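Heads up: the structure comes next, in structure tokens.
The values are calculated or read from the model by the stated rules, or taken from the named source; none is laboratory data. The model shown is predicted, which means the values in this text are computed figures rather than measured ones. Cβ sites come from the backbone with ideal geometry, for glycine too, and all protein chains shown count toward neighbours. Surface accessibility is based on the protein's heavy atoms, side chains included, excluding ligands, DNA and RNA. Shrake-Rupley method; radii C 1.70, N 1.55, O 1.52, S 1.80 Å.
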Amino acid sequence: MRKAWIVGIAVTGTGLSFVMLLVVGVYMTAGNLANGVGKGAVGLAKGAVPGAYQTLVQKWGNLCPAINPALLAAQLYQESGFNPKAQSPAAAQGIAQFIPGTWASHGLDGDGDGDRDVWDPNDAIPSAASYDCKLAGYVKDAPGDPTKNMLAAYNAGAYAVIKYGGVPPYKETQNYVKTITTLQDSFAAPVGRVQPSQQAAGAIGYAQKKLGTLYLWGGNGTADQGGRFDCSGLTKAAYESVGIELPRVANDQYNAGPHPKREELLPGDLVFFSDDLTNSRAIRHVGIYVGGGYMINAPRPGAVIRFDPIDTPDYFGATRVTEDGAKALPTPV
């Protein structure tokens with residue numbers, strides 16, 4: 001939900017024509033962009049990891065060559081959504097979801113306070129990185145990509161990786177490897193321009209048709225809701241119209257792809273807003289960027305879907321939605 005001080009602008013025929021020109025620009029600009037995120041040292045995207053854990057993930061994510069901070073962040077997000085109190089039905093515990101037997105063997109006293117506490121991220125995050133690196137060591141002689149082999153060992157055991165000479169032919173394990181390696185892109189700070197989404201124009205087109213529709217908290221646009229939306233309901237429906245399934249809530253939608261810088265925004269990017277600019281888990285509003293510093297969004301109760309400016313004090317950042325990125329998101333976290 002946007003702050004009350006955000007003021008909407010009038011929707012005119014001229015405005016719509018202007019937006020459509022910007023949408024066409026998605027494809028004109030695409031030919032001039034470098035592909036994907038570059039190689040080299042990996043930093044974390046702004047606020048992608050909650051501020052309390054940023055330093056830990058950056059430090060321990062560089063523990064060995066098989067991992068990096070973005071990969072470690074992706075694992076923590078996949079396992080617990082950065083919730084240090086998470087507990088699964090299988091008794092996995094804490095932010096890194098260690099089962100008791102694994103913790104007994106591999107838990108570290110990461111903060112040097114004299115204990116090994118699975119519920120303390122200061123111990124659990126270093127332990128997760130250390131465990132990854134140990135697994136990488138176990139399978140270091142297996143053919144193939146060392147990071148993918150490490151992730152496969154995490155899921156299926158080192159013996160399976162050694163036996164099959166790489167990622168084993170288990171659907172669950174192959175999906176896990178793909179999920180984490182894809183999801184890491186949403187935690188990595190881009191070192192080059194981010195490739196634009198080809199579904200962007202369709203998503204904007206959908207949102208444009210909803211201009212003037214009254215906001216509804218929890219609205220998904222269904223007939224029984226009168227076709228009304230809240231902010232993340234609108235963005236979810238817009239991308240669903242072009243075949244991409246996003247999570248329901250805004251702070252999970254942030255992880256549906258890499259994060260362009262403000263000056264690199266293109267129409268179709270999702271733009272996010274938060275009262276805590278250090279923590280993507282605190283994001284409370286999302287819109288669809290249309291160019292010229294404006295977005296289409298469902299701002300708040302009592303307002304209608306409209307154009308609003310994005311350059312406000314609570315602007316958090318943006319995501320360029322990718323189909324693989326959206327598929328990699330855990331549901332629920």
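A few notes on this one:
- A single entry from Asp111, Asp132 fulfils the requirement of being touching a residue at least 40 places away in the same chain (Cβ under 8 Å) and among the charged types (D, E, K, R): Asp132.
- Qualifying residue in segment 60-73 (condition: among the polar types (S, T, N, Q), on the phi < 0 side of the Ramachandran plot and either assigned to a helix (DSSP H, G or I) or at pLDDT below 95 (or both)): no
- For Thr55, the criteria (1) in contact with a Pro (Cβ under 9 Å, 6 or more places away or on another chain); (2) part of a helix (DSSP H, G or I) hold in every case but one, which is (1).
- Across segment 84-110, the number of residues qualifying as surrounded by fewer than 16 Cβ atoms within 10 Å (Cβ to Cβ), assigned to a loop (DSSP other than H, G, I, E, B) and at negative phi comes to 6.
- Members of segment 139-179 found to be touching a Ser or Thr at 6+ places or on another chain (Cβ under 8 Å) and not hydrophobic (A, V, I, L, M, F, W, C), listed by number: Thr147, Lys148, Asn155
- Count - residues of segment 239-264 that are of a type outside the set (D, E, K, R) and within 15 Å of Leu277 (Cα to Cα): 4
- If only residues of segment 293-333 that are surrounded by fewer than 16 Cβ atoms within 10 Å (Cβ to Cβ) and of a type in the set (S, T, N, Q) are counted, the one that is nearest to Leu270 (Cα to Cα) is Thr312.
- Yes/no for Arg228 being farther than 25 Å from Ala189 by Cα, open to solvent by 10 Å² or more (accessible area, probe 1.4 Å) and in contact with a Pro (Cβ under 8 Å, 6 or more places away or on another chain): no
- Which numbered condition Gly165 fails, given (1) of a type in the set (Gly, Ala, Ser); (2) farther than 16 Å from Ala66 by Cβ; (3) crowded, with 24+ Cβ neighbours inside 10 Å: (3)
- Among the residues of segment 229-274, the ones that are of a type in the set (Asp, Glu) and assigned to a loop (DSSP other than H, G, I, E, B) come to 3 in all.
- Of all residues in segment 200-224 being part of a loop (DSSP other than H, G, I, E, B) and of a type outside the set (Val, Ile, Thr), the one that is least open to solvent (accessible area, probe 1.4 Å): Gly219
- Search result, residues across segment 251-267 that are touching a strand residue (DSSP E or B) at 6+ places or on another chain (Cβ under 7 Å) and over 15 Å from Tyr77 (Cβ atoms): Pro260, Leu265, Pro267
- Filtered residue count, segment 149-194, keeping only those that are in a loop (DSSP other than H, G, I, E, B) and over 23 Å from the mean Cα position of the chain (by Cα): 7
- Within segment 231-247, considering residues that are in contact (Cβ under 8 Å) with a residue 24 or more places away in the chain and open to solvent by 50 Å² or more (accessible area, probe 1.4 Å), the one farthest from Ala303 (Cα to Cα): Gly243
- For segment 281-292, a tally of residues being farther than 19 Å from Lys261 by Cα and crowded, with 22+ Cβ neighbours inside 10 Å returns 0.
- From Ser127, Ser197, residue being under 20 Å from Ile99 (Cα atoms) and either out of contact with any His (no Cβ under 7 Å at 6 or more places or on another chain) or surrounded by 19 or more Cβ atoms within 10 Å (Cβ to Cβ) (or both): Ser127
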